[in-house]
Amino acid sequence: MPGEIAKDRRLLQVDGKDAKPFLQNLITNDMSKLSNGLVYSALLTPQGKFVADFFVVPYKESLLLDVHEEMAEDIFSRLSLYRMRAAIKFEFIGAQVRRGLGAAPSGAYPDPRHSSLGWRSYGESEPGGEKIDWNEIRVASCIPESCIELIPGSTFILEAGFERLNGVDFAKGCYVGQEVTARMKHKAKLRKGLAKVEIRGSAKTGDPVLANGRQVGEIHTVSGNLAIAYLRFDQLKDFELQAGDSFVSVLPNPK
């Protein structure tokens, strides 16, 4: 069987005649994009902070939210609070999430975040599959991961690169947290955010990044001599950056 089982994902089925307009009014992306396949999106707090990211999946006669298992119960609870009188119901289902590289099997969808992430498919449980180093791929393209770079109650999605990852639509109208996100979009330049860095040494996840002895960020996912780091861009200036006993260089933003 091509690809591998994504064991850290859960699938929340969203069913009912109000499913699409309900999600359209809440999430950061435009539900009309479902005609092209998966929609990568997020739910935010009213203050614009990250709650959870997920893929919206067209599935049979309903929709699925493909969400990290650590965020699944919280997003179920939050969506239930917003439901009010909408004709909609939520239920976790046991279908399987697979993801892979290369030729996609029938019924699979391209990952909308970046071409390097291959495809995702949804269906009944099947054994087997290849083993893929997704951290290496993510770091190479500076793609954040739920609960690692994307922290509930803390992350702002534009600092995490959601515009580059096709996770937010600025023309769709209102959604929860839209006002704060729009203000950040129209700033001249983001002061903080995720960046790909090169490590010369042995820095590890959690190491603070220092500029002239002052902390200006933190190392997140490490793969070989590359890493994703959260940095205060406005404090880097021309200082040499260090993390642990390593020197750190900021690399150009991946395309």
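The values are calculated or read from the model by the stated rules, or taken from the named source; none is laboratory data. All of these numbers come straight from a predicted model, not from anything done at the bench. All Cβ positions, even for glycine, are placed from backbone atoms using ideal geometry, and neighbour counts span all protein chains on display. SASA here: full protein model, heavy atoms, side chains in, ligands and nucleic acids out. Shrake-Rupley method; radii C 1.70, N 1.55, O 1.52, S 1.80 Å.
Condition check ((1) over 18 Å from the mean Cα position of the chain (by Cα); (2) outside any loop (DSSP other than H, G, I, E, B)) across all residues:
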| site | (1), (2) |
| --- | --- |
| E130 | yes, no |
| L158 | no, no |
| G161 | no, no |
| G173 | yes, no |
| E179 | yes, yes |
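Provide a single number: the residues in region 162-171 that are open to solvent by 30 Å² or more (accessible area, probe 1.4 Å) and not hydrophobic (A, V, I, L, M, F, W, C). Write out each step before concluding.
Of region 162-171, the ones open to solvent by 30 Å² or more (accessible area, probe 1.4 Å) are 163-164, 166, 170-171.
Next, from what is left, pick out any that are not hydrophobic (A, V, I, L, M, F, W, C): 163-164, 166.
The total comes to 3.
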note = L190 meets each of (1) in contact with a strand residue (DSSP E or B) (Cβ under 9 Å, 6 or more places away or on another chain); (2) outside any strand (DSSP E or B) with one exception, condition (1)
query = For L236, are the conditions met, namely being in contact with a Phe, Trp or Tyr (Cβ under 9 Å, 6 or more places away or on another chain) and of a type outside the set (S, T, N, Q)?
reply = no
message = Being surrounded by fewer than 21 Cβ atoms within 10 Å (Cβ to Cβ), assigned to a strand (DSSP E or B) and out of contact with any helix residue (DSSP H, G or I) (no Cβ under 8 Å at 6 or more places or on another chain) is the filter here; which residues of region 196-219 pass it?
response = E198, R200, P208, L210, Q215, E218
key: Filter result (open to solvent by less than 30 Å² (accessible area, probe 1.4 Å), within 13 Å of S62 (Cα to Cα) and part of a strand (DSSP E or B)) within region 1-31   = L11, L12, V14
message = Given (1) among the aliphatic types (A, V, I, L, M); (2) assigned to a loop (DSSP other than H, G, I, E, B); (3) in contact (Cβ under 8 Å) with a residue 40 or more places away in the chain, identify the lone condition not met by A140.
response = (2)
inquiry  = Looking at region 229-244, I want the residues that are closer than 18 Å to G193 by Cβ and have a partner that is basic (K, R) and assigned to a loop (DSSP other than H, G, I, E, B) with Cβ atoms under 7 Å, at least 6 apart or on another chain. Which pairs are those?
reply    = R232/R191; F233/R191; D234/R191
